[in-house]
1. Can you name the residue in the stretch 113-148 that is among the aromatic types (Phe, Trp, Tyr) and not in a helix (DSSP H, G or I) and, of all such residues, is nearest to the chain's Cα centre (by Cα)?
2. Name the one entry in ALA169, ALA194 that is surrounded by 10 or more Cβ atoms within 10 Å (Cβ to Cβ) and at pLDDT 80 or above.
3. Quick test for you: out of VAL108, VAL147, pick the one residue that is among the hydrophobic types (A, V, I, L, M, F, W, C) and in contact (Cβ under 8 Å) with a residue 40 or more places away in the chain.
4. Give me the pairs, please: first residue somewhere in the stretch 166-183 and under 20 Å from GLY20 (Cβ atoms), second residue anywhere and at pLDDT 75 or above and outside any helix (DSSP H, G or I), beta-carbon distance under 9 Å, and either six or more positions apart or on two chains.
5. Consider only pairs whose beta carbons are under 7 Å apart and that are at least six residues apart or on different chains; among these, list those whose first residue lies in the stretch 11-29 and is at pLDDT 85 or above and whose second residue is among the aromatic types (Phe, Trp, Tyr).
6. Could you grab me the full set of residues in the stretch 67-113 that are surrounded by 15 or more Cβ atoms within 10 Å (Cβ to Cβ), out of contact with any helix residue (DSSP H, G or I) (no Cβ under 6 Å at 6 or more places or on another chain) and within 15 Å of LYS134 (Cα to Cα)?
7. Given the stretch 53-109, what helices (runs of 4 or more DSSP H) lie entirely inside it while holding 1 or more residues that are closer than 16 Å to GLY144 by Cβ?
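The values are calculated or read from the model by the stated rules, or taken from the named source; none is laboratory data. Note that the structure is a prediction, hence the values are computed from the model and not measured. Virtual Cβ from ideal backbone geometry, glycine too; neighbours counted across all protein chains shown.
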Amino acid sequence: MALLALYPSAHWPWVAGLTGLLCLTVFVSGPISVLVPAMLEPMLMVAGRAYPPLLVALVAVAGNLYMDYINYHVFGAAIHHPRLEKAKNSRVVQGALMLFQRSPFFAVWLCSWSPIPYWIVSTLAPLSRYSMRKYLLATFLGRGPRVWFFASLGLVIPVPTQVLVTYVACAISAGVIVLVWKRRAVAGRARSGAPALSAPMPASP
């Protein structure tokens, strides 16, 4: 995505900032959002001081919807994996799924703008095979006004831009470190378990 934006950024320098916002929005809307959930809002405040809040909202929502589209398919494939069958059929998951299916559009819309963690509906939507178009539409209707609000908020709150940028940088760094650590831990457990599985059985006397 960043490579595709090189040409317009070179000819119209003001596009570079929006390109960076788009790429960062896609990044923080991925798995790292579960580890460090409050990264997007300070970015929107900073961008709202450099660009019109409405333009910032359109770019950020586009990045969100792009990542939500990918997450819908990725989470759907992961949830329906046989290894997660036991977790999928647990009382907690089935109870949440039952509540979600009562009003899925409202649930997605509510979580897309409220403090309720969005990853809940991003997991339940593919699990219930809810329409992806309705899922993205509900996300757009809820996320759009919220993103515009934070972009506009950057113009009125007295927090220095340097403080906001430093927070975002530290939050992203912390999230990346945790992701790398978890992946290494999973890979280490897989390697340590492989010899035990492949070790030959002792010969019987």
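1. Only one residue fits best here, namely TYR118.
2. ALA169
3. After applying the criteria, what remains is VAL147.
4. Once the first residue is under 20 Å from GLY20 (Cβ atoms) and sits in the stretch 166-183, its partners that are at pLDDT 75 or above and outside any helix (DSSP H, G or I) give TYR167/MET39; VAL168/MET39; ALA171/MET39; ILE172/MET39; GLY175/MET39.
5. Final answer for the pair search is VAL26/TYR66.
6. PRO104, LEU110
7. Where helices (runs of 4 or more DSSP H) fall fully within the stretch 53-109 and carry at least 1 residues being closer than 16 Å to GLY144 by Cβ, they are 53-79.
Quick grid of which residues meet (1) more than 12 Å from the chain's Cα centre (by Cα); (2) at pLDDT below 90:
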site	(1), (2)
GLY63	no, no
HIS80	yes, yes
ARG83	yes, yes
ARG102	yes, no
CYS111	yes, no
